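The values are calculated or read from the model by the stated rules, or taken from the named source; none is laboratory data. The model shown is predicted, which means the values in this text are computed figures rather than measured ones. Cβ placement follows ideal geometry from the backbone for every residue including glycine, while neighbour counts extend to all protein chains displayed. Areas reflect the complete protein model, heavy atoms only, side chains present, ligands, DNA and RNA absent. Shrake-Rupley method; radii C 1.70, N 1.55, O 1.52, S 1.80 Å.
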Amino acid sequence: MLEALNKCIDWVENVMMVVLMLVATIVAIVQVAARYVFNNSLYWSEELILYSLITMSFLAASMGVRYAAHISVEMLYAFAGPRLTRVLKYVAAVLGLLFAVSLIHYGGRLFINTLNMGQLSPAMQIPVAYVYLSIPIAGAFMTLRYLLILRTLWSGRDYQPLLTSISPTT
């Protein structure tokens, strides 16, 4: 079940990253053209690009777990024996899980509090709470990924992250 949910989250993340990157790029190009060609600026473009980048950053945090791209001190693994290496991988996964759960908790509180206040963005006049919603969603995605890592480690196998064309081959 976790694998199927993981594949679904992979698809959602990939589609959202492409769409958000496309939106930010197109809006930036249109903004430059509007400003310098038509001498008329889009008042909402900077805000939309900023919110797209914020959302992409939180989605990228979840993707970083999936691709094992987050920073780690791999030198410890080189000097530790196999048993200690396994313990260190468990500790790293548990700490990551705690961080992801805290993103869900505090991001959810931020979303609810901001939604209750009715705060609107200055230019686009959309509820800012919807921008903050990306925090607990990314935390939920990360939680699933860390649970998958812990389950893989618990079963006695080593976690194999998804490889990309830019992944190091070790």
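A protection proxy built from the mean count of other Cβ atoms within 10 Å ranks the segments 127-134, 116-123, 17-24, most packed first, as 127-134, 17-24, 116-123.
Enclosing the Cα atoms of segment 67-124 in their convex hull gives a volume equal to 111 cubic angstrom per residue.
Give me the angle, in degrees from 0 to 90, between the Cα long axis of helix 2-36 and the longest principal axis of the Cα atoms of the chain, rounded to the nearest 10. Between helix and principal axis, roughly 30 degrees.
Within the shell defined by Cβ-Cβ distances under 14 Å, the residues around Leu76 carry a net charge of +2, with Lys and Arg each +1 and Asp and Glu each -1. With all protein chains in place and a 1.4 Å probe, the accessible surface of the chain carries 71 percent carbon and sulfur.
Extents of the chain, taken as max minus min of Cα coordinates on every principal axis and listed largest first, are 65, 39, 30 Å. A cut-off under 15 angstrom between Cβ atoms defines the neighbours of Val23, and their net charge, with Lys, Arg +1 and Asp, Glu -1, is -2.
Just to check, using Stokes-Einstein with a Kirkwood Rh over alpha carbon pairs, what's the diffusion coefficient of segment 1-101 at 10 °C and 1.306 mPa s in µm²/s? It diffuses with D of about 95 µm²/s by this estimate. Counting charges near Ala61 (Lys, Arg +1; Asp, Glu -1) among other residues having Cβ under 12 Å from its Cβ returns a value of +1.
For Asn116 and Leu95, FRET efficiency with R0 = 30 Å and r from the beta-carbon atoms, rounded to 0.05?
My answer for the efficiency is 0.40.
Each Lys and Arg Cβ is given +1 and each Asp and Glu Cβ -1; about its Cα centre, the chain then shows a dipole of about 480 debye. Extension gain for Leu84 to Ala68 (0.36 nm times residue separation, less C-alpha to C-alpha distance): 3.8 nm.
I need the calculated FRET efficiency for the pair Met75 and Trp154, taking r as the beta carbon distance and R₀ as 22 Å, to the nearest 0.05.
With a Förster radius of 22 Å, E is 0.30.
With the charge dipole of the chain set up from +1 on Lys and Arg Cβ and -1 on Asp and Glu Cβ about the Cα centre, the Cα lying farthest toward the positive end among the listed residues Phe79, Pro127, Ser52 is that of Phe79. Note on the chain: with a GNM built from Cα contacts shorter than 10 Å, the maximum mean-square fluctuation among Ala60, Ala69, Ala33 falls on Ala33.
Every helix of 4 or more DSSP H residues in the chain counts as -39500 (n - 2.57), and over all residues that averages to -25000 deg cm²/dmol at 222 nm.
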